[in-house]
Every structure is written in structure tokens, then in C-alpha cells.
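Structure record follows, encoded as C-alpha cells.
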Amino acid sequence: MTAVRDTTSASLDALAAEAATGALTGERGVFYLAAGRVVHVESAHTPGLGVLLTRGGALAEDGWWEAVDRDGARHRVGRRLVDSGRVAAGALEVCHLGALFDAAYFALAHDPRAHRFRPGAAHWLGALRPVPVATVLRESRRRRDLLHEIWPDPLVDVAPLARVPGARATALPARRARVLDRVDGVRTAADIAEDLAFRTYHTLVELRRLAADGLVTTAPRVPARPGPAAPDPCGTAWDDPDAALLRRLRDALEAL
Amino acid sequence: MPGIDESLLEAMRLPGARGAWLVDWISGLALGAVGEAPGGDAETTAAETAELARHAAESGALAPGGGDGAVGSEPPVEDLIVTTGDSYHLIRFVSTPFDSTVFLHLWLDRGEGNLALARIRLGETAARLVLG
């Protein structure tokens, strides 16, 4: 199939035009399509639907796993959650769309190449509220522009973050304050999102606003820890047999 | 149990209703839309009202008790009413037990709409959307 030789966005466009069903795997995420529409997206950079629902308290973890066990193979986990009364239909749609657009943003960042398309592959969640490919692509572009307008430093999105020394935060909105509380010089935006069970893009928005307010910056590079696992490249070079041999050779050449 | 579309259609049954949307106030994304959009473009409407809603949601001065909104009651503002020469815009925040940041936006004709009724009904619709 020609689609998988292109970038992720071009592949999605082609698959939408073919009304394809299956899973498109790219470098940064997986898009599940049904009849050319996006039914779900997963990315390692964003919390999944299960994390968002169970960690927020909308659903007990037992209930989530029971639904996955019983109906995962039949791709009906979403319907099972609603039919069993564990989650309201509207709540599930809202949470699902939140996770879908969040994962899509990261899966499409820098528009990496698509690796492969598995025709017919379906997601265990099932189709809850399919979204046109064009909407997903347009929204991801709009989200990128929105971040740029807030604070045009993309490093904030991927680097470990630190508080700006001496800067005092006053009267932050509750959500932004919770994000700031987790900024510790080590965690990245994705770590903070996972920790709070927040969508990662929405965490990026808060972090860029905090950066724009002069409260958060990218952490200084952490020096390599001393110890056997992280040898000092200069100090140990002279103890290396090859280096010692070269040194003797050099000394011999100079003596000539 | 109503999903997003059923909830929006329910809101559209109110007298004078012209359009209804479910919008994320941080990203500006419309998760659902029915009826007309002011200016004809639902996505632009959603992005602009999201910015208005965000300022209200993040306002420390408007929050009950002066700002430190307790976790779980986010956002501290329940609704917003914007009145123009010919319309009411009613924005109702939807509280969810997971990370969502959404509101319902109902556009009402000012001559036909009943603001007090719409405000009560939209609150009920917001609750049913999340609780079933």
C-alpha cells in the first residue's frame, strides 16, 4: 500500500479517501480507523483512557479491567462500560475524545513517517464517536499554533523542567498550581501529566503559561553521576589499554 | 443515557435555541455542535468562547471563598451569561470526575428565549451528560 511510505498525516489522508479500516502505526503513536474515520489514537506520551478514568475516580480499577477482560477481544469495552452502568455515555465520550485528540497531537508532532498499516485491525475500546481525519489533522495544527502563541519555546514540552529561582507565584488558577507543584527539576511535561492523570497537551498549555509568566524554565543539564556505570571520559581514557599503548608509541616516536 | 449529541439536541429543544456546542475551554476544540453558529463557523465560535470561558474559569476574584478553589470543584464558576442586542449566550461548565475542562454553550434568540428556564435546564443537561 502506498499510504505507508508517506508521512503520518499524508497516510491518514490517503486512508480516509479509501475509507480504510485498520491501524496505522507511526513513530510516535497508533491511529485506529474504521471506514476512513479515526476511532481511537494511542501515544506513549499521553495517558490512556483507562488512566484518565480510573485515576480521576470516575471508575474503579476493577471495573475497568473487568470490562477489558470480558469485551476486549470483541472490541466492545466502551459499550460494556456504559451498558453495565459503570460510566455514563456522555462522560465516556468526553473522556474518550479528550484522550483521542491528546494522543493525536503527539503522534502527529513533527509529522513523522508512518511505519505500517494493518488492514482490519480494530481497537479493543470499539467505535464510540468516530472523528473525520481532516478534523484530527486540523485540530493538531491549531493546537501547535496555540502553544506557540502562549510561549514560543518547544523545549518546554520535552525537557525536564525547573522552577525559576526567586520567582513567586501568586493566585494561580487551581489547575496551574497543581502542575507547578510537580515541577521539580527532573520531571518532564509528560511525567507531570501522568502523575496528575491530566491530558498531556493540556499540561503543556499550563506549563507554557507558567514559562511565559517567568515561573518555570527548562532544567539545567544534569551532570553525569559519578560511579562505575558512568565513567568520566577524560579520567579513564589513560587507563585504557589502547590509550596506554598509543602513549607508549607516541613516546617512542618522539624519542627517535 | 444521553451522549454528547443527545445532550446538545436536548438543549436545542428549549424555546429560541439557535445553536449548541460542547467545547473544551483549554484547547478551544468543539467536541460536538448542533444548529447554527454565530458568524457561520462553529470552530471559530468555539475557540473564541473557550477563551472567554477560560478567563472566567481561572479567575481568582470570582471564585467562591476568594480564589483557592478546592480540588474537585473545578472550575469554581458555574455559568456565564452574555447578552447581546438579539441573543443570549449561556455557557455552563461541566464538572467531571476526570480531566476534561469542557462547557456547554447554548445560543438563544433574545426575543423567543427564556433565560431563567434555559439556565436551569442547561444545568440539568450538564449533570446528565456526566452522570447519566
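The values are calculated or read from the model by the stated rules, or taken from the named source; none is laboratory data. These numbers come from a predicted model, not from an experiment. We place every Cβ from the backbone using ideal geometry, glycine too, and count neighbours over all the protein chains shown. Calculation scope for accessible area: heavy atoms of the full protein, side chains included, ligands and nucleic acids excluded. Shrake-Rupley method; radii C 1.70, N 1.55, O 1.52, S 1.80 Å.
Among the residues of region A:102-122, write down those that are out of contact with any helix residue (DSSP H, G or I) (no Cβ under 6 Å at 6 or more places or on another chain) and outside any loop (DSSP other than H, G, I, E, B).
A:103, A:106, A:107, A:113, A:115, A:118, A:119
Select, from A:97, A:125, the only residue that is in contact (Cβ under 8 Å) with a residue 24 or more places away in the chain, part of a loop (DSSP other than H, G, I, E, B) and open to solvent by less than 20 Å² (accessible area, probe 1.4 Å).
A:125
Name the residue that is farthest from the chain's Cα centre (by Cα), counting only residues in region A:33-46 that are closer than 15 Å to residue A:108 by Cβ and open to solvent by 70 Å² or more (accessible area, probe 1.4 Å).
A:44
Within region A:51-77, which residues are assigned to a helix (DSSP H, G or I) and within 11 Å of chain B (Cβ to nearest Cβ)?
Listed by number, the residues that qualify are A:51, A:52, A:53, A:54, A:55, A:56.
With A:16, A:89, A:44 as the choices, which residue is under 26 Å from residue B:3 (Cα atoms) and away from chain B (no Cβ under 14 Å)?
A:16
Please work out which one of (1) within 22 Å of residue A:90 (Cβ to Cβ); (2) open to solvent by 30 Å² or more (accessible area, probe 1.4 Å); (3) at pLDDT 95 or above is the condition residue B:78 fails and give its number.
(3)
Any residue in region A:12-32 that is open to solvent by 60 Å² or more (accessible area, probe 1.4 Å) and part of a helix (DSSP H, G or I)?
Yes, region A:12-32 has at least one match.
Taking region B:1-50, which residues are more than 12 Å from the chain's Cα centre (by Cα), part of a helix (DSSP H, G or I) and facing chain A (nearest Cβ under 10 Å)?
Passing the criteria: B:4, B:5, B:6, B:43, B:47.
Do the conditions hold for residue B:62, that is, is it touching a helix residue (DSSP H, G or I) at 6+ places or on another chain (Cβ under 9 Å), within 14 Å of another protein chain (Cβ to nearest Cβ), free of Cβ contacts under 8 Å to residues at least 60 places away in the same chain and open to solvent by 60 Å² or more (accessible area, probe 1.4 Å)?
yes
Looking at this structure, is residue A:112 farther than 19 Å from residue A:197 by Cα and open to solvent by less than 30 Å² (accessible area, probe 1.4 Å)?
It is true that residue A:112 is farther than 19 Å from residue A:197 by Cα and open to solvent by less than 30 Å² (accessible area, probe 1.4 Å).
Return yes or no: is residue A:50 surrounded by fewer than 20 Cβ atoms within 10 Å (Cβ to Cβ), closer than 19 Å to residue A:88 by Cβ and under 22 Å from the mean Cα position of the chain (by Cα)?
yes
Table: residues versus (1) out of contact with any strand residue (DSSP E or B) (no Cβ under 6 Å at 6 or more places or on another chain); (2) farther than 23 Å from residue A:203 by Cα.
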residue: B:28; (1), (2): yes, no
residue: B:32; (1), (2): no, no
residue: B:35; (1), (2): no, yes
residue: B:56; (1), (2): no, no
residue: B:59; (1), (2): yes, no
residue: B:62; (1), (2): yes, yes
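Would region A:142-158 turn up any residue that is open to solvent by less than 60 Å² (accessible area, probe 1.4 Å), β-branched (Val, Ile, Thr), closer than 27 Å to residue A:55 by Cβ and modelled with pLDDT under 95?
Yes, because at least one residue in region A:142-158 is open to solvent by less than 60 Å² (accessible area, probe 1.4 Å), β-branched (Val, Ile, Thr), closer than 27 Å to residue A:55 by Cβ and modelled with pLDDT under 95.
Within region A:173-206, can you find the residues that are in a loop (DSSP other than H, G, I, E, B) and at the interface with chain B (Cβ under 8 Å from one of its Cβ atoms)?
Selection gives A:173, A:197, A:198, A:199.
Residue check: is residue A:135 more than 19 Å from the chain's Cα centre (by Cα), hydroxyl-bearing (Ser, Thr, Tyr) and part of a helix (DSSP H, G or I)?
yes
Return the residue satisfying two criteria in turn: it lies in region B:82-109 and is among the hydroxyl-bearing types (Ser, Thr, Tyr) and within 17 Å of residue B:4 (Cβ to Cβ), and of such residues it is most open to solvent (accessible area, probe 1.4 Å).
B:95
So, of the residues in region A:82-94 that are over 17 Å from residue B:26 (Cα atoms) and in a helix (DSSP H, G or I), which turns out to be most open to solvent (accessible area, probe 1.4 Å)?
Per the criteria, the residue is A:83.
May I ask you to list the residues in region B:77-129 that are away from chain A (no Cβ under 11 Å), under 12 Å from residue B:14 (Cβ atoms) and among the hydroxyl-bearing types (Ser, Thr, Tyr)?
Answer for region B:77-129, where residues must be away from chain A (no Cβ under 11 Å), under 12 Å from residue B:14 (Cβ atoms) and among the hydroxyl-bearing types (Ser, Thr, Tyr): just B:88.
Those residues that are of a type in the set (A, V, I, L, M, F, W, C) and either within 11 Å of residue A:207 (Cα to Cα) or open to solvent by 70 Å² or more (accessible area, probe 1.4 Å) (or both), I need them from region A:171-187; list them, please.
Within region A:171-187, A:171, A:177, A:179, A:180, A:183, A:186 qualify.
Which of the residues spanning region A:55-67 are without any contact (Cβ under 8 Å) to a residue 40 or more places away in the chain and at negative phi?
A:58, A:59, A:60, A:61, A:62, A:63, A:64, A:65, A:66, A:67, listed by residue number.
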